[in-house]
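One structure is given here, and the rest of the page talks about it.
Readers should treat all values here as calculations from the given coordinates under stated rules, not as data from a laboratory. Here the structure is a predicted model, which is why all the values come from computation and not from measurement. As a convention, Cβ positions derive from the backbone with ideal geometry for all residues, glycine included, and neighbour counts pool all protein chains shown.
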Amino acid sequence: MNFHAIRAIYKFEMARTFRTVLQSIVSPVISTSLYFVVFGAAIGSRITDVDGVGYGAFIVPGLIMLSLLTQSISNASFGIFFPKFTGTIYEILSAPVSYLEIVIGYVGAAATKSLVLGLLILATSTLFVPLQIMHPFWMLLFLVLTAITFCLFGFVLGIWADGFEKLQLVPFLIVTPLIFLGGSFYSIDMLPPFWQTVSLFNPVVYLISAFRWSFYGVADVSVALSASMTVLFLVLCLTAIWWIFKTGYRLKT
């Protein structure tokens, strides 16, 4: 394992984050804080509770997941897209660096940025609502697992995209609607039976449900099923990356 190569890629990507800290860190934290003000204070004061949890506190896991998923995909996709766009990806591919080390460097940096952002939003939420975490170990585990999984997905997206339009297509037209319809601001038990069934086909439901369980011990679906779905998606992303490097899809042409 070439740790020098991994560290070089990791440090380069993290340095890019520090150069754009307002856009990468501050802006998402402020945007999420506005959600707390609007939904937690304005609307939350009119809703008693959801599953025995105050509405302001109930939406905290969903808002963290909202930022974590979007930023994980964005960080990883932009991280690998720009070397393709500028042509420097060929220098990396021709260097004595394995594909595994390339993935660890880029995905590791993107996941680190996403985790820092998620923890900052978690800390910020305590300023707006009383918060408790019943299962802190599982909370951190789900946070790390989700960040890595969607950074891998973002890595695949960044390689697939051949322009800035495609780079934004999946996050804005597919992922963001799935997050909003995945129980970020409500429990799917509040929906009519038909829409509850439809919601179960939304993979984000399982992520948010498991993460919310780690806070309050309540979940819309089985925690074991949620973890299994996350691991399955992780394996699918790893398989896609393996195929991309094996065939050179949109890397060597």
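Please state the charge dipole magnitude for the chain, taken about the Cα centre, from unit charges on C-beta atoms (+1 on K and R, -1 on D and E), reported in debye and rounded to the nearest 20.
620 debye
Tally Lys/Arg at +1 and Asp/Glu at -1 over every other residue whose Cβ is under 15 Å from the Cβ of Ala15; what's the total?
+4
List, largest first, the extents of the alpha carbons of the chain along their principal axes, each in whole Å.
Principal extents (Cα only, largest first): 60, 37, 34 Å.
Take Thr176, Thr70 and order them by how many other Cβ atoms sit within 10 Å, fewest up front.
The most exposed by this proxy come first: Thr176, Thr70.
Taking the Cα centre of each part, how many Å lie between the range 1-76 and the range 100-151?
If we compute the Cα centre of each part, the gap is 8 Å.
For the chain, set up a Gaussian network in which alpha carbons nearer than 10 Å are linked by springs, and say which option among Trp242, Trp195, Trp213 fluctuates the most.
Evaluated over the chain, the most mobile residue of the options is Trp195.
Filter the cross-link list Lys11/Lys113; Lys84/Lys166; Lys166/Lys246 down to pairs whose alpha-carbon distance in this structure exceeds 20 Å.
Lys166/Lys246
Going by alpha carbons, how many degrees (0 to 90, nearest 10) lie between the helix axis of 203-216 and the longest principal axis of the chain?
60 degrees
At a threshold of 8 angstrom on Cα-Cα distance, excluding pairs fewer than six apart, so keeping six or more, what relative contact order does the chain reach in percent?
Reported relative contact order: 26 percent.
Only counting other Cβ atoms within 10 Å, I'd like Tyr99, Tyr216 sorted with the fewest neighbours first.
Listed from fewest to most nearby Cβ atoms, that is Tyr99, Tyr216.
Kindly put Thr17, Thr88 in sequence by how many other C-beta atoms sit within 10 Å of each C-beta, fewest to most.
So the ranking, lowest neighbour count to highest, is Thr88, Thr17.
Can you compute the helix-only [θ] at 222 nm over the chain? Use -39500 (n - 2.57) per DSSP H run of at least 4 residues, normalise by all residues, nearest 500 deg cm²/dmol.
Value at 222 nm, helices only: -22000 deg cm²/dmol.
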